[in-house]
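Student: Have a look at this one before I ask anything.
The values are calculated or read from the model by the stated rules, or taken from the named source; none is laboratory data. No experiment lies behind these values; they were computed from the predicted model shown. No Cβ is skipped: glycine too gets one built from the backbone with ideal geometry, and neighbour counts run over all protein chains shown. Each accessible area value is taken on the protein alone, full model and side chains, heavy atoms only, with ligands, DNA and RNA left out. Shrake-Rupley method; radii C 1.70, N 1.55, O 1.52, S 1.80 Å.
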Amino acid sequence: MSNLPIKKPVFEYKHLLVFDTIALLSADKSNRLQVWRNNEQLGECYIPGATYAEISRISQEKENPDFHAAKAFLEFAGKGSRYKIQPKEDNRQIPLDNEKDRQILACAHRLARENPNSVIILVTYDPTMKGLAGQSGLPNFCTLTAKDLSDWFFLDYYRGKVPQAVSDAYQRIKRFQSAGGQNHKQANHFPKPQNQPHKNKNKQQRQIQPTPEPRKLQGAQSHQNQHQNPSKPQKKTVFQSCNYWFSLCLCCRSCSLSN
């Protein structure tokens, strides 16, 4: 048997592997360190901030069934592994209520936008996350399970072959590029939520117009003027008084003649 090292195959596109917690800690405990090293051969390995935070929490819970796996991975990551720990991030446009899963998917989605010429592989067993990855609209985004990675490494990797999901991503990238597709760093095809409290919009303030005084009715105005400036009673002249008594006498005479 030859002792020459096996030649590493060359693929059309670079592979970026993004792990959720269960997929990373599901490695066989009798050989988990080797499994994690094999993943490094398949592509660049990324640990989302939410995944790393959960692994750190599990490593403090001795009764957790994944306690030993979590501690082993933290020791492995701290001894010069090529796994790249990412900061915590979120994308509230992803329609997922589980905050941890949404943050993991947000990390993978960002890497897919920033690396349009690479295939981003979200390693997960979660059916919801797999479905949302397929609905993202990014041609270079796909998913595999941890078992798929193991089968790929032992059966097809050194033969220069890739799993079907990765091959499909290859074809989508080619179609996208041949159609003159633009760089999709800003792409985000997830449905937008109705409420987006984190977006501040500059709204032009409305100018307050002075309220005009109500119009006064003409009758009311004249009545008010009469009330404010009452006219003085006019004095009767002597001629007017004589006419009054003369008319009264004629009226009495007429009454007596008629009787």
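The rows are residues; the columns are (1) under 21 Å from the mean Cα position of the chain (by Cα); (2) in a helix (DSSP H, G or I).
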{"position": "Ile121", "(1), (2)": "no, no"}
{"position": "Met129", "(1), (2)": "yes, yes"}
{"position": "Ser136", "(1), (2)": "yes, no"}
{"position": "Lys147", "(1), (2)": "no, yes"}
{"position": "Phe154", "(1), (2)": "no, yes"}
{"position": "Tyr157", "(1), (2)": "no, yes"}
{"position": "Val162", "(1), (2)": "no, no"}
{"position": "Ser167", "(1), (2)": "no, yes"}
{"position": "Tyr170", "(1), (2)": "no, yes"}
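Student: Please determine, by comparing only the residues of the stretch 33-56 that are closer than 14 Å to Phe153 by Cα and open to solvent by less than 40 Å² (accessible area, probe 1.4 Å), which one is farthest from the chain's Cα centre (by Cα).
Tutor: Filtering the stretch 33-56 for residues that are closer than 14 Å to Phe153 by Cα and open to solvent by less than 40 Å² (accessible area, probe 1.4 Å), the one farthest from the chain's Cα centre (by Cα) comes out as Asn38.
Student: In addition: When you scan the stretch 28-68, how many residues do you find that are at pLDDT below 95 and of a type in the set (Gly, Ala, Ser)?
Tutor: 1
Student: Applying the selection to the stretch 66-88, what residues are open to solvent by less than 70 Å² (accessible area, probe 1.4 Å) and of a type in the set (A, V, I, L, M)?
Tutor: Result: Ala69, Ala70, Ala72, Leu74, Ala77.
Student: What do you reckon, is Ile121 buried (at least 21 other Cβ atoms within 10 Å of the Cβ) and either out of contact with any helix residue (DSSP H, G or I) (no Cβ under 7 Å at 6 or more places or on another chain) or among the β-branched types (Val, Ile, Thr) (or both)? Quick ask: steps written out before the conclusion?
Tutor: Numbers: buried (at least 21 other Cβ atoms within 10 Å of the Cβ): yes; either out of contact with any helix residue (DSSP H, G or I) (no Cβ under 7 Å at 6 or more places or on another chain) or among the β-branched types (Val, Ile, Thr) (or both): yes.
Yes: the conditions hold for Ile121.
Student: Have a look at Ser59, Ser26 and point out the one that is without any contact (Cβ under 8 Å) to a residue 24 or more places away in the chain, under 21 Å from Arg82 (Cβ atoms) and open to solvent by less than 70 Å² (accessible area, probe 1.4 Å). Lay out the reasoning, then the answer.
Tutor: Details: Ser26 fails: without any contact (Cβ under 8 Å) to a residue 24 or more places away in the chain.
Criteria check complete, one pass: Ser59.
Student: Within the stretch 146-182, how many residues turn out to be open to solvent by less than 20 Å² (accessible area, probe 1.4 Å) and either among the small types (Gly, Ala, Ser) or within 30 Å of Pro95 (Cα to Cα) (or both)? Don't jump to the end; show me each part of the working.
Tutor: Kept after step one, since they are open to solvent by less than 20 Å² (accessible area, probe 1.4 Å), are these residues of the stretch 146-182: 149, 152, 157, 166, 169-170, 173.
Now narrow it down to the ones that are either among the small types (Gly, Ala, Ser) or within 30 Å of Pro95 (Cα to Cα) (or both): 149, 166, 169-170, 173.
Of the residues in the stretch 146-182, 5 are open to solvent by less than 20 Å² (accessible area, probe 1.4 Å) and either among the small types (Gly, Ala, Ser) or within 30 Å of Pro95 (Cα to Cα) (or both).
Student: Sticking with this structure for a sec: Which condition does Ile22 not pass, out of (1) hydrophobic (A, V, I, L, M, F, W, C); (2) in contact with a helix residue (DSSP H, G or I) (Cβ under 7 Å, 6 or more places away or on another chain); (3) at pLDDT 95 or above, if it passes all the others?
Tutor: That leaves (2) as the condition not met.
Student: For residues that are open to solvent by 40 Å² or more (accessible area, probe 1.4 Å) and either modelled with pLDDT under 95 or part of a loop (DSSP other than H, G, I, E, B) (or both), tally how many sit in the stretch 90-102. Talk me through it step by step, then tell me what you get.
Tutor: We begin by selecting, within the stretch 90-102, every residue open to solvent by 40 Å² or more (accessible area, probe 1.4 Å); these are 90, 92, 95, 97-100.
Next, from what is left, pick out any that are either modelled with pLDDT under 95 or part of a loop (DSSP other than H, G, I, E, B) (or both): 90, 92, 95, 97-98.
Total meeting the criteria: 5.
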